[in-house]
Amino acid sequence: MYYIQETDKPSFLSKKLNLIKINNNKIILPIENDDKITLKKAQKLARKTNEIIKKTNSNKVVVSKQIKKRKDYLNQLYTYNLEIVDGKWLFETMSFKVLEYILEKQNLNPNETIIAILINDLSDNMLENIKKIIHKYKKAKIVTNHIEKFKKIENQILEKEGIILNVSNNKRKSLSKAQVIINVDFTQELVNEYNVFDEAIIINLKTNVKINKKRFNGIIINDYEIMFEKIENIEFNNMEGLFSNKDLYEANIHKNQSFSNIESKLEKDNVRLEKLYSINSVM
C-alpha cells in the first residue's frame, strides 16, 4: 500500500519533468499546496503513479487531504482501477455511532426523534447497524424502492430479533417529518423526489447529496473525522496531519470479517468520532 502526498518545496526541474519521489511507501508528487496543475500534467502524474504501484502486489492507496482536492489527478487514478481509500466504508460501518453522536450534539430526544434510513442495497454491516438503530430508536424506519426485498428482511428481523421494522416508500409522507435522515445509497435525483422535512439532518454515507428545495434549512453531513489510539498494525506516521485519520484506519482494517469482530476492534482501538462536517459547519 502506498501513501500519496504533495511536497513542500519541489525543485523547478522536478516540477517541469514531473519527477515523483518514492520514500519507502510514500509517493511524493512534485506539486505544492497552491499549485494549479493542468489536465495534461494530472494525466502524466497519474500514469507515473500507476507505474510505481503496479510493481507491488497491492492496488490500494491513501491520498493526503491536499491531494484529495486535485480532482483531475484523482479522476485519472480511478481510470487505472486503483482502490483509493476514502473512509466511506468505515462511515457506513460506524453509522449507528454517527447517529448517537448527532442526537447527543443536537440534544434530540432518542424516544421522540423520527429517523429515516434511505437504502436500496443492503450490506451485512448495514443490516447489523439497522438492527441496532431499530432496537434503540422506536421511531426509526426504512425508506426504499425495494419494498418486497425489505419486507422479507422485516419478517426475518421480527422472527429472530422480535423487532418490528417499518418499511415504506411514500414520496409525500416518508420523509416529511424525519428529523434525521441516514442516506445510505440514494442518489441526489432520487432523494429530491421525496418531500424532505425542512429542518432535517441528512447524513450522506456514500454520495454527497444536496436538497434542491429552496426552503430547506437543514444540515447536510458529507464527511467526518475520527480519533483512535496508536495501533501497531498502522504503519504510517501521521505526525504532520497530512492524511485523514479515517482513511488511515480504514486502509489498515480487514473488511472481510464479521460485524461483531469489526465492532470489537473499533472498541479495542478506542475509535471515536471527532467531527462531522456539513457544507457550512462542523459538528
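With respect to S58, determine if the residue is within 20 Å of N245 (Cα to Cα) and among the polar types (S, T, N, Q). No. Among the residues that make up segment 1-19, is at least one of them at pLDDT 90 or above, closer than 25 Å to K265 by Cβ, buried (at least 17 other Cβ atoms within 10 Å of the Cβ) and not β-branched (V, I, T)? Looking for residues that are at pLDDT 90 or above, closer than 25 Å to K265 by Cβ, buried (at least 17 other Cβ atoms within 10 Å of the Cβ) and not β-branched (V, I, T), one finds at least one in segment 1-19, hence yes.
Exactly one residue among E51, E32, E92 is within 29 Å of S258 (Cβ to Cβ) and of a type in the set (D, E, K, R), and that residue is E92. In the set (1) out of contact with any helix residue (DSSP H, G or I) (no Cβ under 8 Å at 6 or more places or on another chain); (2) assigned to a helix (DSSP H, G or I), the condition left unmet by K138 is number (2).
Taking the numbered list (1) within 30 Å of E274 (Cβ to Cβ); (2) of a type in the set (S, T, N, Q); (3) without any contact (Cβ under 8 Å) to a residue 60 or more places away in the chain in turn, N183 passes all entries but (3).
Only residues that are of a type in the set (V, I, T), without any contact (Cβ under 8 Å) to a residue 60 or more places away in the chain and more than 27 Å from T49 (Cα to Cα) were counted across segment 75-103, and they come to 0. Would you point out the residue of segment 98-124, among those that are within 30 Å of Y2 (Cα to Cα) and surrounded by fewer than 19 Cβ atoms within 10 Å (Cβ to Cβ), that is farthest from the chain's Cα centre (by Cα)? In this case the residue turns out to be D124.
Table: residues versus (1) assigned to a loop (DSSP other than H, G, I, E, B); (2) modelled with pLDDT of 95 or more; (3) surrounded by 11 or more Cβ atoms within 10 Å (Cβ to Cβ).
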{"position": "I221", "(1), (2), (3)": "no, yes, yes"}
{"position": "Y224", "(1), (2), (3)": "no, yes, yes"}
{"position": "E235", "(1), (2), (3)": "yes, no, yes"}
{"position": "N238", "(1), (2), (3)": "yes, no, yes"}
{"position": "G241", "(1), (2), (3)": "yes, no, no"}
{"position": "Y249", "(1), (2), (3)": "no, no, yes"}
{"position": "E267", "(1), (2), (3)": "no, no, no"}
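The single residue among E51, E32 that is within 16 Å of Q76 (Cβ to Cβ) and among the acidic types (D, E) turns out to be E51.
The set of residues from segment 66-90 being closer than 15 Å to N222 by Cβ, within 14 Å of the chain's Cα centre (by Cα), surrounded by fewer than 22 Cβ atoms within 10 Å (Cβ to Cβ) and not small (G, A, S) comprises K68, D86, K88.
Could you list all residues from segment 253-265 that are within 26 Å of I4 (Cα to Cα) and either free of Cβ contacts under 8 Å to residues at least 60 places away in the same chain or surrounded by fewer than 18 Cβ atoms within 10 Å (Cβ to Cβ) (or both)? H254, K255, N256, listed by residue number. For I157, the criteria (1) without any contact (Cβ under 8 Å) to a residue 60 or more places away in the chain; (2) in contact with a strand residue (DSSP E or B) (Cβ under 9 Å, 6 or more places away or on another chain); (3) buried (at least 18 other Cβ atoms within 10 Å of the Cβ); (4) more than 20 Å from L266 (Cβ to Cβ) hold in every case but one, which is (2). Scanning segment 167-211 for residues that are part of a strand (DSSP E or B) and touching a Gly at 6+ places or on another chain (Cβ under 8 Å) yields a count of 2. Regarding segment 97-105, can at least one residue be identified that is outside the structural domain of K246 (by TED's automatic domain parsing) and closer than 20 Å to D247 by Cα? No, segment 97-105 contains no residue that is outside the structural domain of K246 (by TED's automatic domain parsing) and closer than 20 Å to D247 by Cα.
The values are calculated or read from the model by the stated rules, or taken from the named source; none is laboratory data. Everything numeric here is computed off the predicted structure, so don't read it as measured data. A quick note on method: Cβ atoms are made from the backbone with ideal geometry, for glycine too, and the neighbour counts reach across all protein chains shown.
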